[in-house]
Amino acid sequence: MLVVWEVDAGTGGAGGVTDDAGRAEKEMVHALEGFPEGRGRVREARLSAFGVYVYGETVVTARRTGGGAITLTGDMWNACDAWDAPL
């Protein structure tokens, strides 16, 4: 299983792939710390026969506002339409 992490911070962001969910969470949080506001998530993935990622369950999501603390939650990624909308 692969684990994909991503950060959406409006005009910026980051992402990566690993086979370790703990490492993916740490990388996502580290990337999110580089932005005053944004959201991040870690989710399971696999490669299809065509070499395209097929995404599975979201493991954890994170939120940062106003340069403050990062809040980790369950799957709240789709709770807002944009990176700066409240979760």
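Go through segment 10-39 and give me each residue that's modelled with pLDDT of 95 or more, touching a Ser or Thr at 6+ places or on another chain (Cβ under 9 Å) and either surrounded by fewer than 20 Cβ atoms within 10 Å (Cβ to Cβ) or not hydrophobic (A, V, I, L, M, F, W, C) (or both).
Glu27
Test of understanding: among Val3, Val7, Val42, which residue is surrounded by 16 or more Cβ atoms within 10 Å (Cβ to Cβ), under 16 Å from Thr65 (Cβ atoms) and not basic (Lys, Arg)?
Being surrounded by 16 or more Cβ atoms within 10 Å (Cβ to Cβ), under 16 Å from Thr65 (Cβ atoms) and not basic (Lys, Arg) holds for just one of Val3, Val7, Val42, which is Val7.
The values are calculated or read from the model by the stated rules, or taken from the named source; none is laboratory data. What you are looking at is a predicted structure, and each value in this text was computed from that prediction instead of being measured. As a convention, Cβ positions derive from the backbone with ideal geometry for all residues, glycine included, and neighbour counts pool all protein chains shown.
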